[in-house]
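Below: one structure, written as structure tokens.
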Amino acid sequence: MPTTITTARLEARISTDLHLMLKRAAEIQGRTMTDFVVAAVQDAAQHAIERAEVVRLSLSDQQSFAQALLAPPEPAPALKRAFARRKKLLRAE
């Protein structure tokens with residue numbers, strides 16, 4: 001069963017200088033301008049999403065994070081009180 005690919009149109013007004021630059025870059029890569037722009041936009045979108053969703057830690061931060069998971073610190077008094085209050089509230093239901 002063949003898969004149907006849906007598409008959407010994207011239009012943008014750009015300067016003549018940028019249009020010429022995109023055209024030249026596409027020609028250098030042996031691509032159509034549409035293919036060049038779509039690939040560039042997709043790459044930029046993937047990088048933007050990755051930067052927003054992926055947390056990168058230095059080696060020392062990774063070690064600190066792992067240590068905190070393996071040996072968590074004692075909860076602060078305020079946290080202990082919050083847990084006790086939560087437990088009391090849940091029993092009241």
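Candidates 36, 65: the one that is surrounded by 11 or more Cβ atoms within 10 Å (Cβ to Cβ), of a type in the set (A, V, I, L, M, F, W, C) and either on the phi > 0 side of the Ramachandran plot or in contact (Cβ under 8 Å) with a residue 12 or more places away in the chain (or both) is 36.
If I ask for residues that are surrounded by 10 or more Cβ atoms within 10 Å (Cβ to Cβ), assigned to a helix (DSSP H, G or I) and at pLDDT below 95, which ones from the range 44-61 would you list?
Filtering the range 44-61 down to residues surrounded by 10 or more Cβ atoms within 10 Å (Cβ to Cβ) leaves 44-50, 57, 61.
Adding the requirement that they be assigned to a helix (DSSP H, G or I) leaves 44-50, 61.
Hit for the range 44-61 is 50, nothing else.
Given the condition part of a helix (DSSP H, G or I), among the basic types (Lys, Arg) and at pLDDT 95 or above, answer yes or no: does some residue in the range 27-40 qualify? No, the range 27-40 contains no residue that is part of a helix (DSSP H, G or I), among the basic types (Lys, Arg) and at pLDDT 95 or above.
The values are calculated or read from the model by the stated rules, or taken from the named source; none is laboratory data. No experiment lies behind these values; they were computed from the predicted model shown. Cβ: placed from backbone, ideal geometry, glycine included. Neighbour counts: every protein chain shown.
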